[in-house]
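K.L.:
Below you'll find the structure I mean.
The values are calculated or read from the model by the stated rules, or taken from the named source; none is laboratory data. Given the structure is predicted, the values throughout are model-derived calculations rather than measurements. FYI the Cβ positions are ideal-geometry reconstructions off the backbone, even for glycines, and counts take in every protein chain you see.
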Ligand code: C5P
């Protein structure tokens, strides 16, 4: 691959290994566990990461910690060569999202989320901006797993939740987005429509017997993998477990990896 700008060349080269890993995982449908680092400040990240099985290479940094600490929240993950999923769920006018994607791409991340509900033009702008670097993957969040049909009805969405979610996802993929976040309950329906290639990330994972919390559309790790998820995002069932390493190992076992 040939790059023309010095700083961009260095940056894109750094990302290219992450990209090939992600694509290979998605296409072969070998599921990957992503740990959601939903903690208030980045001081806690090294001890959390170091306590988990070293085979876990993917970590999600979300709104809580990025709003608190900014890009320095990513320092330890980059130092230890982890893949970073920056879950900012961007949702704004196309120009603003396009520029935010360009800014995010400077942080050495692999995946970045936008809301599919931002509409086709916003999705196209996000995908185009990510392509300018050539390596950052954009993932569209369809319907949050904390929402159910009555929540959607209150927002004026009258079509069934599954139809709404599939429509959002189809729009995102046809706008050039690389993958989707959906509930495990929708993953198999998505695979029939979008095929094997796009990344399909499922939160709302709850091993049998764990607290559901605010999630409403949930499944076990095994169910999510069977439904076609390429990446499972898990936060509380691991971070709040008495023994996070054992909880992560059990989830990996249930995923069959
Ligand atoms: O703790 P828990 O396993 O429920 O964490 C799930 C993670 O996935 C959270 O960080 C949440 O922000 C994220 N997420 C979600 N539903 C979506 C998209 C992302 O729960 N639709």
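K.L.:
Could you give every pair whose Cβ atoms fall below 6 Å, whose first residue belongs to the stretch 49-77 and is without any contact (Cβ under 8 Å) to a residue 60 or more places away in the chain, and whose second residue is within 13 Å of the ligand (Cβ to nearest atom) and part of a helix (DSSP H, G or I), counting only separations of at least 6 or pairs across chains?
P.N.:
Note: pairs meeting the criteria are 73/65; 73/66.
K.L.:
Here is a further query. If we scan the stretch 148-165, do we find a residue that is within 18 Å of the chain's Cα centre (by Cα) and more than 27 Å from residue 253 (Cβ to Cβ)?
P.N.:
Quick first cut of the stretch 148-165, residues within 18 Å of the chain's Cα centre (by Cα) only: 165.
Okay, now just the ones that are also more than 27 Å from residue 253 (Cβ to Cβ), so 165.
Yes, the stretch 148-165 contains at least one residue that is within 18 Å of the chain's Cα centre (by Cα) and more than 27 Å from residue 253 (Cβ to Cβ).
K.L.:
From 217, 206, 191, grab the single residue that is over 16 Å from residue 36 (Cα atoms) and near the ligand (Cβ under 10 Å from one of its atoms).
P.N.:
Numbers: 206 fails: over 16 Å from residue 36 (Cα atoms); 191 fails: near the ligand (Cβ under 10 Å from one of its atoms).
Of 217, 206, 191, the one residue that is over 16 Å from residue 36 (Cα atoms) and near the ligand (Cβ under 10 Å from one of its atoms) is 217.
K.L.:
If you scan the stretch 89-132, which residues turn out to be in a strand (DSSP E or B), closer than 20 Å to residue 71 by Cβ and without any contact (Cβ under 8 Å) to a residue 60 or more places away in the chain?
P.N.:
Of everything in the stretch 89-132, those that are in a strand (DSSP E or B), closer than 20 Å to residue 71 by Cβ and without any contact (Cβ under 8 Å) to a residue 60 or more places away in the chain turn out to be 89, 90, 112.
K.L.:
I'd like to verify a number: residues in the stretch 79-103 that are surrounded by fewer than 22 Cβ atoms within 10 Å (Cβ to Cβ) and out of contact with any helix residue (DSSP H, G or I) (no Cβ under 8 Å at 6 or more places or on another chain), how many?
P.N.:
Total satisfying the criteria: 5.
K.L.:
Could you tell me which of the residues 232, 180, 200, 144 is part of a loop (DSSP other than H, G, I, E, B) and within 13 Å of the ligand (Cβ to nearest atom)?
P.N.:
Result of the check over 232, 180, 200, 144: 144.
K.L.:
Follow-up. Scanning the stretch 52-71 for residues that are away from the ligand (no atom under 16 Å from the Cβ) and surrounded by fewer than 12 Cβ atoms within 10 Å (Cβ to Cβ), which turns out farthest from residue 241 (Cα to Cα)?
P.N.:
By that ranking, first place goes to 70.
K.L.:
Exactly one of these conditions fails for residue 81: (1) modelled with pLDDT of 95 or more; (2) assigned to a loop (DSSP other than H, G, I, E, B); (3) within 13 Å of the ligand (Cβ to nearest atom). Give me its number.
P.N.:
(3)
K.L.:
Take the residues in the stretch 124-148 that are modelled with pLDDT of 95 or more, in contact with a helix residue (DSSP H, G or I) (Cβ under 9 Å, 6 or more places away or on another chain) and surrounded by fewer than 20 Cβ atoms within 10 Å (Cβ to Cβ); name whichever of them is nearest to residue 186 (Cα to Cα).
P.N.:
So, considering only residues that are modelled with pLDDT of 95 or more, in contact with a helix residue (DSSP H, G or I) (Cβ under 9 Å, 6 or more places away or on another chain) and surrounded by fewer than 20 Cβ atoms within 10 Å (Cβ to Cβ), the one nearest to residue 186 (Cα to Cα) is 124.
K.L.:
With respect to residue 61, is the statement that it is touching a strand residue (DSSP E or B) at 6+ places or on another chain (Cβ under 9 Å), closer than 22 Å to residue 213 by Cβ and not in a loop (DSSP other than H, G, I, E, B) true?
P.N.:
Yes; evaluated as a whole, the condition is true for this residue.
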